[in-house]
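Worksheet for the structure shown next.
What follows is calculated from the coordinates using simple rules that are stated; it is not laboratory data. Predicted model only: the values in this text are computed from it and were never measured. Every residue, glycine among them, receives a Cβ derived from its backbone with ideal geometry; neighbour counts consider all protein chains shown.
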Amino acid sequence: MRLHEKIAWFLAMGGILFFHFYRLQQYTLNFPNWGDDYAFLELLDYVQKHSWRENIDYIFHFHNNIHRIAYSRTWILVQYTLLGNLNFKTAIILANVQMLFIIIPFHWFLKKIKRSAWHLLGISALLFAPFGNLDNYNLVGVLQHTSSILFLVWIAYGLFYSENAVWVIILALLYPFVSTEGIAFLPMVGYVLWSKKSALKIPFTVLSVAVIVFYFHDYVGDGSSSGKLSWNFVKGLFIFMGNWALPVSDSFRTWLNLLAGVPIVLYFIWKIVGSFRINITFPSLIFLQIAATGFLISYGRAGMGNLELIAISDRFLLYGNTLLMAMYCSLILPKQQLLRLPWALLLSGTWLLASFFMARRPMQEMNQRWTADLLGAYYFQTSSAYECPPQTMQLLKAPIFKFDGENIPKQLPLFEIQNIPEIKPSSIRIQDGRLSLSWNQLPEKIDITERRFVVIRQEDVPRKKYFITSLSNDYLDRVKHSNLLIFNTLPISHFQVFLLNLPNNQNTNYQYLSSLTITN
């Protein structure tokens with residue numbers, strides 16, 4: 001590259017990276033965004049009360065009965081040791097630095113196949129496409145799934161371009177303790193090493209068997225899987241493989257994903273076995289591992305509810321971005337380069353911009369939902385998003401965590417009943433302890449930057465209990481929704497419903513909406 005071309009390249013790459021971390025700074029909160037995030041508070045609480053041997057056992061202990069997230073737990077322990085407390089926002093941003101290291105093997109790959117460095121800009125545009133990074137805004141997601149992609153691309157690159165390097169098999173043997181799909185990758189790694197007649201094939205085979213035995217030696221299944229290879233399973237797998245599809249239609253999103261997954265699967269099947277012999281490359285190995293991950297998710301979660309919604313969950317979107325990166329690399333791998341540089345940059349750049357616009361509303365909704373959880377925990381010691389036992393909620397008061405005042409108003413109003421016409425919900429539904437309300441007559445926001453929440457006060461308990469949740473779909477001429485977890489054992493429950501407004505200046509105000517009676 002000439003000097004002016006190098007400057008342009010660095011400015012373009014810097015722009016992509018800057019806006020990714022700028023969005024993280026803007027939308028993330030110092031708060032456990034999902035129920036799984038509380039596991040890191042429990043970890044820090046545990047290690048301070050037990051011996052080092054017990055702590056090592058705990059690091060490798062199962063999470064949610066199947067995942068051994070030793071990598072994530074070690075990451076948190078190191079950060080806590082260095083910083084003195086667990087700041088979720090800082091931890092999320094630091095964990096996202098792994099995205100930079102995902103780029104490195106692709107840079108080396110381009111040099112190996114003698115392609116322009118500008119292709120790295122196209123690959124980075126796919127990796128950092130905002131809609132596919134929604135999982136990177138919560139701690140457990142970025143530490144498990146982004147870390148999984150990091151290990152995958154480094155191992156896959158090393159197998160084809162440094163197959164005799166010891167670091168490759170070390171990473172492969174550690175991969176299952178990053179994310180469970182690492183178990184599925186071990187046989188693929190073994191196959192590549194044996195087909196290449198690597199000097200490390202026998203040591204790796206022995207050690208990988210030992211890792212698998214250790215991983216499952218105390219495993220107790222929970223029976224969540226249906227254990228059947230049905231159409232529902234196949235549909236879920238293709239939907240997962242189509243997670244690169246942008247949600248241009250919420251109503252048909254699952255079918256769009258399914259249709260998007262079909263060409264990806266067919267293309268790589270043709271590349272791998274199209275010549276009637278197995279031909280695995282760096283990009284096709286990435287595809288095989290993501291396909292194996294989709295298989296495990298679709299099979300293992302088939303009995304846990306709507307598999308279609310599970311497959312398109314935010315936590316799996318980065319796998320879709322990675323599939324596009326694998327497709328990109330596969331198209332420029334042949335000598336004739338099926339994807340020329342100008343078209344590659346045009347397509348990936350267009351995809352980046354489209355993904356940016358698609359991600360704006362989901363990121364705003366996520367931030368508002370997490371803010372509601374933060375306010376609920378801080379003021380009411382309750383969670384309306386997921387079941388959180390009181391002893392777990394108490395960890396937020398421990399020295400290992402401190403609330404950030406910038407996200408919390410100085411005080412909330414008293415929420416008194418006002419003598420105004422009631423605005424009843426147009427739809428009320430309660431199922432499995434989750435209350436869903438909809439309104440089609442709420443007054444619209446005066447300022448689009450305002451954030452509004454629904455506060456529900458339970459009246460028929462010894463002490464009034466408050467729940468707060470975000471007001472979703474809060475846009476002009478839209479039906480607004482709220483959804484909260486509200487376990488209750490009383491046959492009849494009486495509530496008062498309020499609309500809380502939190503402007504940017506944090507001078508809160510509210511409006512009484514209606515009374516609400518629920519019969520279980």
Of Q48, N96, L121, which is farthest along the charge dipole of the stretch 7-134 in the positive direction, counting Lys and Arg as +1 and Asp and Glu as -1 at C-beta? L121
One checks the Cα atoms of the stretch 346-420 and finds Rg and Dmax, in Å, of 18.2, 59
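Treating only the Cβ atoms of Lys and Arg (+1) and Asp and Glu (-1) as charged, compute the dipole magnitude of the stretch 420-520 about its Cα centre; round to the nearest 20 debye.
Dipole magnitude for the stretch 420-520 comes out near 220 debye.
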What is the magnitude of the charge dipole of the stretch 320-465 about its Cα centre, with +1 placed on the Cβ of each Lys and Arg, -1 on the Cβ of each Asp and Glu, and no other charges, expressed in debye to the nearest 20? 340 debye
Filter the trypsin sites (Lys or Arg not before Pro) in the stretch 1-81 down to the DSSP loop ones having no more than 14 other Cβ atoms within 10 Å, then list what survives. R2, K49
Kindly provide log₁₀ I(q)/I(0) values, in the same order as q = 0.16, 0.20, 0.21, 0.22 Å⁻¹, from the Debye equation applied to equal alpha-carbon scatterers of the stretch 176-302. -0.97, -1.23, -1.27, -1.30
Please go through the residue pairs K445/K465; K49/K465; K197/K335; K112/K196; K6/K114; K402/K480 and name each one whose alpha carbons sit more than 21 Å apart in this structure. K445/K465; K49/K465; K197/K335; K402/K480
Give me the distance between the Cα centres of the stretch 394-468 and the stretch 59-100, rounded to whole Å. 31 Å
Once the Cα atoms of helix 282-300 and of the chain are each reduced to a long axis, what angle between those two axes, in degrees from 0 to 90 to the nearest 10, is obtained? 40 degrees
If the only charges are +1 at each Lys and Arg Cβ and -1 at each Asp and Glu Cβ, what is the size of the charge dipole of the chain around the Cα centre, to the nearest 20 debye? 1580 debye
Given a cut-off of under 8 Å on Cα pairs at least six residues apart, what relative contact order in percent is computed for the chain? 15 percent
Along the principal axes of its C-alpha atoms, what lengths does the stretch 87-179 span, in descending order and rounded to whole Å? 40, 32, 17
Express the Stokes-Einstein translational diffusion coefficient of the stretch 387-439 in µm² s⁻¹, to the nearest whole number, given a Kirkwood radius over alpha-carbon pairs, 37 °C and a viscosity of 0.692 mPa s. 210 µm²/s
Over the chain: helical MRE at 222 nm, DSSP H runs n ≥ 4 each giving -39500 (n - 2.57), nearest 500: -16000 deg cm²/dmol
Contour excess over end-to-end distance, with Cα ends at F214 and Y22 and 0.36 nm allotted per residue: 65.0 nm
D_trans [Stokes-Einstein, Kirkwood Rh over alpha-carbon pairs] for the stretch 43-99, 10 °C, 1.306 mPa s, µm² s⁻¹: 130 µm²/s
Could you work out the pair-distance distribution P(r) of the stretch 1-148 from its alpha-carbon pairs, with 10 angstrom bin width and percents rounded to whole numbers? 10, 35, 28, 18, 8, 1
Debye sum, Cα scatterers, the chain, no solvent: what log₁₀ I/I(0) at q = 0.07, 0.11 1/Å? -0.44, -1.05
For all pairs of alpha-carbon atoms in the stretch 297-388, what percent lies in each bin of width 5 Å, listed from the first bin to the last filled one? 2, 10, 12, 14, 14, 14, 12, 9, 5, 4, 2, 1, 0
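What do the square roots of 5 times the Cα gyration tensor eigenvalues come to for the stretch 132-174, in whole Å, largest first, as semi-axes of the equivalent ellipsoid? Provide the component values of the computation, followed by the final result.
Working: eigenvalues 130, 21, 4 Å².
That gives 26, 10, 5 Å for the three semi-axes.
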Counting C-alpha atoms alone, how compact is the stretch 393-520: give Rg to one decimal and Dmax as a whole number, in angstrom. 15.6, 46
If you take the charge dipole of the chain about its Cα centre, with +1 on Lys and Arg Cβ and -1 on Asp and Glu Cβ, which of L285, W75, I518 is farthest toward its positive end? L285
